[in-house]
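To start, the structure itself, in C-alpha cells.
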Amino acid sequence: MQSLRLSLGIIGASVLTAAPALAHSGSISGGFVGGFAHPLFGADHVVAMVAVGLWGAFLGAPAIFILPVIFPLVMASGGVLGILGVALPGTEVGIAISAIVLGSMVALAARPPDWVQQAVVGAFAVFHGYSHGAELPGGVDAVAYSIGFVVATGLLHLSGIALGLTVRWPAGYIGVRGTGAAIACAGLVFLWQLL
Amino acid sequence: MTQIALLLVGLLSHLSIDAAMADAPFKGAGNFYGGLLHPLFVPAHVLAVVSTGLLIGRQKSRLRWLAPASYVVGLAVGFAAMMSAYAPQIAAEVLLAAAAASGGLVALARPLPEILACALALTTGLALAFDSPPSVISVRDANVILMGTFCGAIVLLFAVAKVTSTLRREWQRIATRIFGSWIAASAVLVLALQLAR
C-alpha cells in the first residue's frame, strides 16, 4: 500500500511539474470544457438525465447501477448515428418524451420488470446520443470533447441517484416522486414547444 | 507519517526536474520526461490505458500478471518497430477500438478468458506505441522520447490496475463499472468521428 501511494504521488507530481511531448493537435482543455458544458446547457437533456438516476435509485439494486451503465453505452450508439449523418426523425420529440416517460415512472412509483426498465432507458438514450453526436463540433479535440460530454451525462445521473437515495425517508419519498412529476411536466412543456 | 514523507520526497524530486535539466547528465534528458508524460496527456491514450488497467485490476490473480506482461510485450514490439521507422496509419483507430472493448468489458463485469484479456492488452500496448510518433527530427531524441513513453505507459497501467485491484466494496465495484461504460462510450464516439472524417 505504501509503494502504491508513493507511485501515485510520483505520477501526480510528474503531471504537475513537467511538460509532456505532445505530437497531437487540438485543444484538450477547450474540448473537454465544451463537451462537459454541452449536456448541461440543454434543459431537456438535464431533466431526462437526472430522471434516469432518480428512477434507478428509486428502483434500488440492480437498476441503480445497471441503468447508468446502459445509458452511456447505448447513447454512444445513438451518437455514432448522429456523427455518421444517419437520419433519425423526431429526435427532439423523442428527448421531450423521454423526460415525460422517465419522470412519470418516478412519479407513479412504477416498478416494471428489469428488461423493461433497461429497454425504456436504452431506447431514449439513442435520441440523446444522436442529438449530441450530430452537434459534435469540428476543430476541437474530439476525444476530450467526448470524454467531457460523457462525464457530464454521468454526473447528471449521479446527481439523480443522490437525490433518489433520499427515498428511504418518508419526506424523501414524497420529494422524489414530486421531482419525477415535475420532470414529466417539464417534458410536456418541451413537447408543447416542439409541436 | 512515513508515507507522507515518501510522497513529499517524490514531489520535491519532481519539482526540481526543471532545475536539474540545466545540469542534465546527458543531452535529451528533457525528452525522456516529455515522453514519460505523453500517455498522461493524450486523452485517447489515457482512455486506452485506464480501461485496460481497470480490466486487468478486476481479473483473478493469474491474469493480473499475464495480461500486463502481454501489454508490455506489445509496447516493446511497437516501440522497437517505431525505432526502425515503421509506423502504421491506423494505430489511433485500433487504440480507440481497444479502449471501447476494454471499457465495455469492465462495464459488463464478467470473467474474461485468458486469451481474450491477453490479446486485448497486447493490442493496446502495440497500438499505443504506434500512436506515439515523436515530433522531433533527431533520431536520438526520438528514441529517448519513445523510451520515456514506454516507461510512462507501463507505470500508468500498473498504477491503475493496482488501485483497481484494491477496490473491493460493492459501491466501488459499481463505480468501476460505470467508469468503464463512460470510457467505452467516449471511445466509440471518437472512433465514429474519426471514421466519418
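Here are the numbers for the structure shown:
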{"quantity": "Evaluation of residue B:138 against (1) crowded, with 20+ Cβ neighbours inside 10 Å; (2) over 17 Å from the mean Cα position of the chain (by Cα) (one fails), failing number", "calculated": "(1)"}
{"quantity": "Number of the condition not met by residue B:115 [criteria: (1) touching a helix residue (DSSP H, G or I) at 6+ places or on another chain (Cβ under 8 Å); (2) under 21 Å from residue B:74 (Cα atoms)]", "calculated": "(1)"}
{"quantity": "Unique match (being in contact with a helix residue (DSSP H, G or I) (Cβ under 7 Å, 6 or more places away or on another chain) and under 30 Å from residue B:46 (Cα atoms)) among A:180, A:133, A:172, A:103", "calculated": "A:133"}
{"quantity": "Looking only at segment B:168-197, and only at residues there that are surrounded by fewer than 24 Cβ atoms within 10 Å (Cβ to Cβ) and within 11 Å of residue A:154 (Cβ to Cβ), the one that is nearest to the other protein chains (Cβ to nearest Cβ)", "calculated": "B:178"}
{"quantity": "Residue count, segment A:95-115 (criterion: in a helix (DSSP H, G or I), of a type outside the set (S, T, N, Q) and either closer than 22 Å to residue A:187 by Cβ or without any contact (Cβ under 8 Å) to a residue 24 or more places away in the chain (or both))", "calculated": "12"}
{"quantity": "Restricting segment A:56-72 to residues that are touching a residue at least 12 places away in the same chain (Cβ under 8 Å) and at the interface with chain B (Cβ under 7 Å from one of its Cβ atoms), the residue that is surrounded by the most Cβ atoms within 10 Å (Cβ to Cβ)", "calculated": "A:72"}
{"quantity": "Out of B:101, B:129, B:159, sole residue that is closer than 28 Å to residue A:74 by Cβ and either part of a helix (DSSP H, G or I) or facing chain A (nearest Cβ under 10 Å) (or both)", "calculated": "B:101"}
{"quantity": "Only listed residue being assigned to a loop (DSSP other than H, G, I, E, B), in contact with a helix residue (DSSP H, G or I) (Cβ under 8 Å, 6 or more places away or on another chain) and of a type outside the set (A, V, I, L, M), chosen from B:68, B:88", "calculated": "B:88"}
{"quantity": "Residues within segment B:162-192 that are of a type in the set (D, E, K, R), part of a helix (DSSP H, G or I) and without any contact (Cβ under 8 Å) to a residue 40 or more places away in the chain, tallied", "calculated": "1"}
{"quantity": "Count of segment A:128-154 residues which are more than 8 Å from chain B (Cβ to nearest Cβ), surrounded by fewer than 24 Cβ atoms within 10 Å (Cβ to Cβ) and at pLDDT 85 or above", "calculated": "2"}
{"quantity": "Matching option when the condition is within 20 Å of residue B:108 (Cα to Cα), modelled with pLDDT of 75 or more and among the hydrophobic types (A, V, I, L, M, F, W, C), among B:69, B:48", "calculated": "B:48"}
{"quantity": "Exclusive hit being more than 19 Å from residue A:46 (Cα to Cα) and touching a Pro at 6+ places or on another chain (Cβ under 6 Å), set A:86, A:150, A:143", "calculated": "A:143"}
{"quantity": "Failed item, numbered, when residue B:140 is tested on (1) closer than 30 Å to residue A:81 by Cα; (2) more than 11 Å from chain A (Cβ to nearest Cβ); (3) of a type outside the set (Gly, Ala, Ser)", "calculated": "(1)"}
{"quantity": "Within segment A:98-117, tally of residues that are crowded, with 19+ Cβ neighbours inside 10 Å and more than 11 Å from residue A:180 (Cβ to Cβ)", "calculated": "2"}
{"quantity": "Condition check for residue B:166: closer than 16 Å to residue B:44 by Cα and among the β-branched types (Val, Ile, Thr)", "calculated": "no"}
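Here's the yes/no breakdown for (1) in a helix (DSSP H, G or I); (2) small (Gly, Ala, Ser); (3) within 14 Å of residue B:186 (Cα to Cα):
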position: A:88; (1), (2), (3): no, no, no
position: A:93; (1), (2), (3): yes, no, no
position: A:117; (1), (2), (3): yes, no, no
position: A:130; (1), (2), (3): yes, no, yes
position: A:157; (1), (2), (3): yes, no, no
position: A:160; (1), (2), (3): yes, yes, no
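The values are calculated or read from the model by the stated rules, or taken from the named source; none is laboratory data. Keep in mind it's a predicted model, so treat the numbers as computed, not measured. Ideal geometry is used to build each Cβ from the backbone, glycine not excepted, and the neighbour counts take in all protein chains shown.
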